[in-house]
Amino acid sequence: MKSIILVGYMCAGKTTVGKSLAKNMGVDFYDLDWYIEDRFHKRIPDIFAEKGEAGFRDIERRMLHEAAEFENIVLSCGGGTPCFFDNMEYMNQAGITFYLKASINTLITHYRLSHTIRPLLKDKSDDELEVFMRSQLRERSSYYEQAQHIIDVNVLDNYDKIDIIVSQIRKILNRENGKMEN
Ligand code: S3P
């Protein structure tokens, strides 16, 4: 089976959904940021601080190619992964891609609940955060929307709802498998 690749803006729930989906399917879960941190023995904010965003994007691209080589996995990417180089095109040929699409309100709610330090969002006031997210989401949407499937994750306001998203993705995958067998 081709790997399942989840894309979407920061705080859409890619890691949470990815973990749950992988468990449900009985396959391994990889988070691209965690994979980078393991391989480089460094946290993402430290890589940004040492190498700048451009340095991080180079590493991210290389690690995407490494991780996407594994078969039968669920891979959650970073929010910026699809928007650099030919990464989105590459993901579309390497796996089955899903865009977890969330509104600004959902993203901000998830951000407030998250403990992950995100170099692009930290140190922003509430107003700055919203303005930044809105404008970056607008710029990035055309990349995300190249994914093969789009899943609305705005129901993800609590953990019970993850199952709803997981079963939507499984239904799509079953349909795709059916098509391939015919
Ligand atoms: C980024 C998203 C982060 C991480 C890095 C840059 C982005 O991943 O890769 O901080 O540019 O959107 P998450 O989407 O998992 O937060």
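A few remarks follow.
- Given +1 at the Cβ of Lys and Arg, -1 at the Cβ of Asp and Glu and no other charges, the dipole of the range 39-117 around its Cα centre is 340 debye to the nearest 20.
- Placing a label point 7 Å from the Cα of Gln93 along the Cα-to-Cβ direction, the residues of the range 110-154 with a backbone N closer than 20 Å are 143-149.
- Here the contact order of the range 1-102, divided by its residue count and restricted to Cα pairs under 8 Å and six or more residues apart, works out to 53 percent.
- Computed accessible area, Arg43, all protein chains, 1.4 angstrom probe, square angstrom: 140 Å²
- Lys-Lys pairs in the chain that are eight or more residues apart or on separate chains and whose Cα atoms lie under 20 Å of each other come to 22.
- In the range 3-155, Rg over Rh equals 0.93, where Rg is the alpha-carbon radius of gyration and Rh the Kirkwood radius from pairwise Cα distances.
- Here Arg39 sits with roughly 110 square angstrom of accessible surface, probe radius 1.4 Å.
- Label reach from Lys179 (point 7 Å along Cα→C-beta): in the range 90-106, amide nitrogens under 16 Å belong to 92-99.
- Short-range pairs are left out: with C-alpha atoms under 8 Å and at least six residues apart, the relative contact order of the chain is 33 percent.
- Helix-only CD estimate at 222 nm, as mean residue ellipticity for the chain, using -39500 (n - 2.57) per DSSP H run (n ≥ 4): -18000 deg cm²/dmol
- With every protein chain in place, the range 3-155: carbon and sulfur % of accessible area (1.4 Å): 46 percent
- Full extension of the segment from Asp86 to Lys124, taken as 0.36 nm per residue of separation minus the current Cα-Cα distance, would add 10.7 nm.
- Residue-level accessible surface for Leu173, protein heavy atoms, 1.4 Å, Å²: 10 Å²
- For the range 7-61, the per residue solvent-accessible surface stands at 48 Å², with DNA, RNA and ligands left out and a 1.4 Å probe.
The values are calculated or read from the model by the stated rules, or taken from the named source; none is laboratory data. Just so it is clear, the model here is predicted, and its values are computed rather than measured. No Cβ is skipped: glycine too gets one built from the backbone with ideal geometry, and neighbour counts run over all protein chains shown. Side chains included, ligands, DNA and RNA excluded: accessible areas come from the protein's heavy atoms. Shrake-Rupley method; radii C 1.70, N 1.55, O 1.52, S 1.80 Å.
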